[in-house]
Amino acid sequence: MEDTKSARTWLRIFAAGYLVCCALLLVSLFTPIPYGDLTRIGRISEREFGWHEPPPPIPDADVKTWPINESDILVIGDSFSVRYAWQSKLVGAGYKVTTTHWDNLGGVLCDDFSGWLQKSGFKGKVVIVESIERLLYDRIEKSQSCKTMKHAFKPTPPPFENPSRPAPGFQLNWDAQLLSGWLTYQNTKEILASDSWTNTPDRWGPLIDARVVPEGCKQFSHRACDKLLMTAEDRVNPALTAESASFMKRFESTAAPYKVVWMVVPNKTSVYLQQNHADAFRAAFNPQNIGPDLFALAEQNRFKMKDLFPANETHVSTRGYILFGQRMLEAVREVFPPPAAKTQ
C-alpha cells in the first residue's frame, strides 16, 4: 500500500512538472522573436518595444564594397558601419568605399598609420573614422601611446541582407529556450511598472537600462513609447573630453597625406536623456573642422523622424543611418568631390 501511495505521489509530481514545462514552452513559443539587440540580450518584449514605422529603402546597388586598392574612401568603424547603411549615401554619389572594423586594427590608430595605409594598397584620398561616442574615449586613450600598427588590413564584408529590411512578422519562436518567454514577461512587466529599471548583469549579461523619456510618444513608434531601452555603457563609460578632440586634430598630421574625417555617433542616451553629456568635447571638436556635429543633427531631427534610435536597438534606425550618411556625404564633398565621371 505504501509503495502504491508513493508511486501515485511521484506520478502527480511528474504530471505537475510536465504541465508546467508545457505551459512554459507555450509561452516561449508565442513570445515574438526579438529583432533588436537590446530586446534579445535583455529578454524584453518585442511586442512592447519593437518599432513599427516602415524603413525607407536603400538600393541594393548602393550596399557595396570595393577592394582597398580600388577605393576612394576607407571607412574605419564599429558596429554602426558593418551594415553598410550610412555608407550607401557615399556609394550612391559615386564614391568607391571599403570598410574595416576597429577590431581588425586592434582597436587603435598608431603613429605609422599613413605608412600602414600605403602598404595596404590604399590609393584614395579620404579616411572616415567612425565611432560610437561611448567607446571612443577608450580607443583614443589606447591610440595615444601606440607607435606601430600590428595588424594587416582586413576588410569588413558587406551584410547578407539589405539594411533597410522591414520589421519581421510574427513567427513561432522555435529557437527560444524553455524559460525565455517567462523571463521576457517578467522583465517587461517590471519595466512597464517602473520609471527606472536596470537588469542584473550576473544573470543576464550586459547591463541594459530602461528609462522614461520626456515626450517619448512623439519620438518613437513602439507601444510602450514613453520608455526607452539603452545600453548602460552609455552611462558608465567615460565621457569624451576636450583632450579627446585635441588628439583627433593631431591625428590629421599622422594620417597625412590622407584627409581624415571623424564621424562621432552620439550615444542613444546623449540624444534623448543627457543632451549636455558631450558639451566639453563638442566645444573643442566643432571649431577644428575635422568632422560634422552629429549630436546637433540628432537633436534637430529626433522629433522630425520617429525612431531615429529605435527603442529595441543600440544602433540607429535605417532613417538614422540615411540621415547621418547624407551629412557624411556633405562633409566628404567639401574635401574630395566625387570623380566627375560619376557625379550624379
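The values are calculated or read from the model by the stated rules, or taken from the named source; none is laboratory data. Since the structure is predicted, the reported quantities are computational estimates derived from the model, not experimental observations. Note that we place each Cβ from the backbone using ideal geometry, even for glycine, and neighbour counts take in every protein chain shown. For accessibility, only protein heavy atoms count, side chains too; no ligands or nucleic acids. Shrake-Rupley method; radii C 1.70, N 1.55, O 1.52, S 1.80 Å.
Looking at this structure, is R223 of a type in the set (K, R) and touching a Phe, Trp or Tyr at 6+ places or on another chain (Cβ under 7 Å)? Spelling it out, it is not the case that R223 is of a type in the set (K, R) and touching a Phe, Trp or Tyr at 6+ places or on another chain (Cβ under 7 Å). Looking across the range 82-116, just one residue is of a type in the set (S, T, N, Q) and open to solvent by 20 Å² or more (accessible area, probe 1.4 Å), and that is N104. Among the criteria (1) within 22 Å of D307 (Cα to Cα); (2) at pLDDT 85 or above, the one R165 does not fulfil is (2).
For the range 210-284, the helices (runs of 4 or more DSSP H) that sit wholly inside it and include 3 or more residues that are open to solvent by 50 Å² or more (accessible area, probe 1.4 Å) are 233-236, 242-255. Does S317 satisfy being polar (S, T, N, Q) and under 28 Å from K89 (Cα atoms)? Judged against the criteria, S317 is a match.
Residue by residue, here is whether (1) of a type in the set (G, A, S); (2) under 17 Å from the mean Cα position of the chain (by Cα) holds:
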position	(1), (2)
E46	no, no
H52	no, no
A61	yes, no
T65	no, no
L74	no, no
D78	no, yes
A85	yes, yes
S88	yes, yes
T99	no, yes
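For the range 298-326, the candidate set comprises residues that are free of Cβ contacts under 8 Å to residues at least 60 places away in the same chain, open to solvent by less than 70 Å² (accessible area, probe 1.4 Å) and assigned to a helix (DSSP H, G or I); within that set, the residue that is nearest to T39 (Cα to Cα) is G320.
Scanning the range 270-308 for residues that are within 17 Å of E130 (Cα to Cα) and aromatic (F, W, Y) yields a total of 3. Has the range 289-297 got any residue that is in contact with a helix residue (DSSP H, G or I) (Cβ under 9 Å, 6 or more places away or on another chain), open to solvent by 40 Å² or more (accessible area, probe 1.4 Å), of a type in the set (G, A, S) and in a loop (DSSP other than H, G, I, E, B)? No: the range 289-297 contains no residue that is in contact with a helix residue (DSSP H, G or I) (Cβ under 9 Å, 6 or more places away or on another chain), open to solvent by 40 Å² or more (accessible area, probe 1.4 Å), of a type in the set (G, A, S) and in a loop (DSSP other than H, G, I, E, B).
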